[in-house]
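Asker: Supplied in structure tokens, the structure appears directly below.
The values are calculated or read from the model by the stated rules, or taken from the named source; none is laboratory data. Predicted, not measured: the structure shown is a model, and the values here were computed from it. Using ideal geometry, Cβ is built from the backbone for each residue, glycine included, and neighbour counts are taken over all protein chains shown.
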Amino acid sequence: MQSEKSQSAFNLPYNQSHYYWLAVFPLSDNTALQSDLIASGMQIVPALGNAFIMRLAHPWDAAWKAVREILAKHEAEQQVEIALIPAEAQPGFEEFSYARKSVAAINFLADSLWLGNAMIEDRVVSYMQPVLDKRGKVFGYEAFARVETDKEPIGGGKIIEASRGLSAEYILDRHLHVKAITSFIDSDLEGFLFINFVPGFIHRPEKYLEGLTEAAKYNGMPAKQIVLDFTQSEAPRDIMHMKAIFDYCRSKGYSLSLDDISSVAIAKKILETIRPDFIKLDINLVRGAQGIAEQKIIKELVHMAHASGVTILAEGVETEAVHRELLKVDVDLFQGYLFSPPVAVSTLKKAVG
């Protein structure tokens with residue numbers, strides 16, 4: 001039921017429409033190119049500015065690949081613009097004109113379709129990485145997105161890049177929030193759950209957090225147990241925007257964290273305006289924790305955080321030597337490949353069971 005509900009909520013027109021209209025707008029005369037486009041099944045439409053159009057059935061990327069090969073054959077990628085519109089009936093001139101993009105942009109879209117298919121097929125899942133306290137006990141987990149395949153799971157940058165190609169960052173982000181909570185509960189995990197957020201997506205927090213709030217209530221998970229982990233910014237406008245978001249989230253009972261803190265000046269500026277429950281040290285600062293300059297910064301950040309009643313977390317801990325240095329300066333929580341990579345919740349469920 002959860003899978004069906006999440007699939008029906010998606011709005012991924014480039015993956016889900018039955019028909020598409022592809023238009024090629026020549027920017028220069030190339031009769032050989034035009035002949036090959038017509039031979040491929042495209043029709044010239046004078047009313048559309050002499051565009052060549054074709055109706056495609058779902059999926060559309062194979063047909064686009066054939067057209068792309070024609071453009072490459074004539075070295076015409078820079079001599080045309082492309083419009084691709086999901087629609088049953090033929091769009092009008094204004095719709096085609098508004099949708100015009102470069103060949104590279106359509107390639108990017110076509111190369112990103114795998115992510116939309118994975119979302120529809122419910123193959124976008126949450127992996128969990130443990131967060132440990134000073135004693136080595138599990139304090140909680142951070143959720144990471146992965147796409148399950150027949151081979152190795154796909155994660156990180158590839159998922160982010162593909163979501164941009166589909167213009168589906170917002171949709172994917174909200175979907176992953178719900179996935180993180182349901183996976184955490186279904187795996188019988190305990191402690192805090194850290195969920196990543198991008199403040200730039202959030203204009204109406206009550207709407208943005210709607211799915212997450214419903215999932216938490218449905219699964220009986222207290223809001224305080226969920227740590228909303230925000231990427232920080234130094235810009236005053238961004239800080240005030242984040243403060244408004246923090247104020248709303250705190251009013252709903254969520255715990256709050258700021259990610260990627262790399263300097264004392266940044267921390268001071270943010271802590272004067274925002275009081276998170278956790279701050280995370282920048283991963284590069286953590287990896288350099290054996291350096292004298294880095295040690296000084298970390299020590300000052302720890303002192304500042306503790307003076308404000310804030311818990312400090314070091315992520316990206318990969319060696320025992322770094323772990324020892326962080327323990328010396330009284331860092332509270334630890335996360336990284338030294339302890340465990342992000343792993344499938346099924347693995348964690350077996351370990352817990």
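Asker: Mind checking which pairs have a first residue in the range 259-275 that is among the polar types (S, T, N, Q) and a second that is crowded, with 17+ Cβ neighbours inside 10 Å, Cβ under 6 Å, 6 or more apart or different chains?
Answerer: Going by the 6 Å Cβ cut-off, the qualifying pairs are S262/D282; S262/L285; T273/I239.
Asker: Among the residues of the range 179-203, write down those that are modelled with pLDDT under 90 and in a helix (DSSP H, G or I).
Answerer: D186, P199, G200, F201, listed by residue number.
Asker: Separate question: Only one of these is of a type outside the set (V, I, T) and either in contact with a Gly (Cβ under 6 Å, 6 or more places away or on another chain) or closer than 18 Å to F230 by Cβ (or both): A305, A321. Name it. Even if it seems obvious, please write down each step before you answer.
Answerer: On the way: A321 fails: either in contact with a Gly (Cβ under 6 Å, 6 or more places away or on another chain) or closer than 18 Å to F230 by Cβ (or both).
That would be A305, the only listed residue that is of a type outside the set (V, I, T) and either in contact with a Gly (Cβ under 6 Å, 6 or more places away or on another chain) or closer than 18 Å to F230 by Cβ (or both).
Asker: Within the range 146-157, can one find any residue that is out of contact with any Cys (no Cβ under 8 Å at 6 or more places or on another chain) and under 25 Å from C249 (Cα atoms)?
Answerer: Filtering the range 146-157 down to residues out of contact with any Cys (no Cβ under 8 Å at 6 or more places or on another chain) leaves 146-157.
Among the residues that remain, those that are also under 25 Å from C249 (Cα atoms) are: none.
Taking every residue of the range 146-157 in turn, none turns out to be out of contact with any Cys (no Cβ under 8 Å at 6 or more places or on another chain) and under 25 Å from C249 (Cα atoms).
Asker: Any residue at all in the range 319-338 that is of a type in the set (S, T, N, Q), at pLDDT below 90 and surrounded by fewer than 18 Cβ atoms within 10 Å (Cβ to Cβ)? Reasoning before the result, please.
Answerer: We begin by selecting, within the range 319-338, every residue of a type in the set (S, T, N, Q); these are 319, 335.
Restricting the remaining residues to those that are at pLDDT below 90 gives none.
No, the range 319-338 contains no residue that is of a type in the set (S, T, N, Q), at pLDDT below 90 and surrounded by fewer than 18 Cβ atoms within 10 Å (Cβ to Cβ).
One line per residue, one yes/no per condition, for (1) free of Cβ contacts under 8 Å to residues at least 24 places away in the same chain; (2) within 19 Å of A104 (Cα to Cα):
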| site | (1), (2) |
| --- | --- |
| L48 | no, no |
| H58 | no, no |
| A66 | no, yes |
| L71 | no, yes |
| E75 | yes, yes |
| L84 | no, yes |
| A87 | no, no |
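Asker: Now a separate question. Taking the range 288-305, which residues are touching a helix residue (DSSP H, G or I) at 6+ places or on another chain (Cβ under 7 Å) and touching a residue at least 12 places away in the same chain (Cβ under 8 Å)?
Answerer: Answer for the range 288-305, where residues must be touching a helix residue (DSSP H, G or I) at 6+ places or on another chain (Cβ under 7 Å) and touching a residue at least 12 places away in the same chain (Cβ under 8 Å): A289, Q290, Q295, I297, I298, E300, L301, M304.
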